[in-house]
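Encoded as structure tokens, the structure appears first; notes follow it.
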Amino acid sequence: MAYCLGSYVTVFLLWSGLREYTVGMAFDFHDLWRLAPFFMFGVVAPWVVPSFRYAVPYHFFGMAMLFAAAHSATHFRTPPPRPSLGMPIVRVGLWAVVGLMTLHGLILFRTRDAGDVELQVHWLAVIFDSLAELLMVLGLVILACERIRDQMHANNQMLAEAQAELEKVARTDGLTGLLNRRAYEEWVAGRGHESGAGCLAVIDLNDLKQLNDNYLHAAGDAALKLVSRALVGKFRVTDPIFRIGGDEFIVVMPGGHAEEMESRLSAIDSELLSQRLPGLPQPYNLVVAWGTATFADGDDTKTAYQKADSAMYAQKHRRKLYPRYPDRNGSN
């Protein structure tokens, strides 16, 4: 009885494990009802059948059925991410065990009254069953190694994606979604080994501090978002835009000219008129100042930034006469 029940439980666990491997359905105690007929035979047969030799053929037939069920569980697997060597080996081993169990059951059923033949059959069963089961175990070991390989590959991919996301976050301004100062410094460092002319602009949002002081930071944050949106709308996808400080932006146009840069920035002025900001009772005119400079190669980038920054401060000084706050002049 212990031999029969132990054999049935072992093959049942094999079927359950293969099912979980192929379709992801974990073991459930409700599945034990599948073992009910085999358990009934394993419990009753030793007490009813006069000799084990009369029961063992049916035991082999039952084992063949369980191994066939385990084999059927291997055919529901979705295509693996990589070619599997272990699954074909497991299938061959299972088919060999099913065939041997059925053959031994038939032989033992026909020779149950011949003791000598039965002994020879048992020896042959041990040899061939061991070879088939070793083949099946080899396939299971390979399956386990393949699963570990796939899990490691998935984990590495997740780590790579997380690292890429962290790098993206580290280079992105959280408020505006533009590139940040770190990204600008990396771009400048990379330009040191590159050639190619272009144009650079430094843009400043005027009086952001007064806007924050008078109408809280919600108004200032909204103003920065409006300026960043206007910049993104006026420049090409290939033109990197950076927010490098509280109210300071940098736009780079690779291959661009100062006239084109000035034209695009001038068009932003009209877009920033009559903006609705949180906490302000009426529309508000946002005012930006900018300076531009061209660069010829990577080594010229820092010099171009200094020239553009100086030009921006000069324009910022000239624009102090622009109307800025509705509470100062009553209207915009």
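For the reader, a short list of remarks on this structure follows.
- Those residues of the stretch 233-243 which are surrounded by fewer than 19 Cβ atoms within 10 Å (Cβ to Cβ) and either touching a residue at least 40 places away in the same chain (Cβ under 8 Å) or hydrophobic (A, V, I, L, M, F, W, C) (or both), in sequence order: 237, 240
- Only residues that are touching an Asp or Glu at 6+ places or on another chain (Cβ under 8 Å) and either closer than 17 Å to residue 137 by Cβ or surrounded by 13 or more Cβ atoms within 10 Å (Cβ to Cβ) (or both) were counted across the stretch 13-26, and they come to 1.
- Filtered residues of the stretch 277-293 (kept if in contact with a strand residue (DSSP E or B) (Cβ under 9 Å, 6 or more places away or on another chain) and surrounded by fewer than 18 Cβ atoms within 10 Å (Cβ to Cβ)): 283, 285
- A single member of 299, 309, 327 is under 24 Å from residue 183 (Cα atoms), at pLDDT below 95, open to solvent by 50 Å² or more (accessible area, probe 1.4 Å) and assigned to a helix (DSSP H, G or I), and it is 299.
- Contacts under 7 angstrom Cβ, first residue in the stretch 171-192 being surrounded by 14 or more Cβ atoms within 10 Å (Cβ to Cβ), partner of a type in the set (Gly, Ala, Ser), 6 or more apart: 171/183; 176/228; 178/228; 182/170; 191/298
- Number of residues in the stretch 210-232 that are open to solvent by 60 Å² or more (accessible area, probe 1.4 Å) and farther than 15 Å from residue 280 by Cα equals 3.
- Failed condition for residue 199, given (1) assigned to a loop (DSSP other than H, G, I, E, B); (2) within 25 Å of residue 185 (Cβ to Cβ): (1)
The values are calculated or read from the model by the stated rules, or taken from the named source; none is laboratory data. Computed from a prediction, not measured in an experiment: that's the story for all the values here. Because the Cβ atoms are built from the backbone with ideal geometry, glycine has one as well, and the counts that use them run over all protein chains shown. Areas reflect the complete protein model, heavy atoms only, side chains present, ligands, DNA and RNA absent. Shrake-Rupley method; radii C 1.70, N 1.55, O 1.52, S 1.80 Å.
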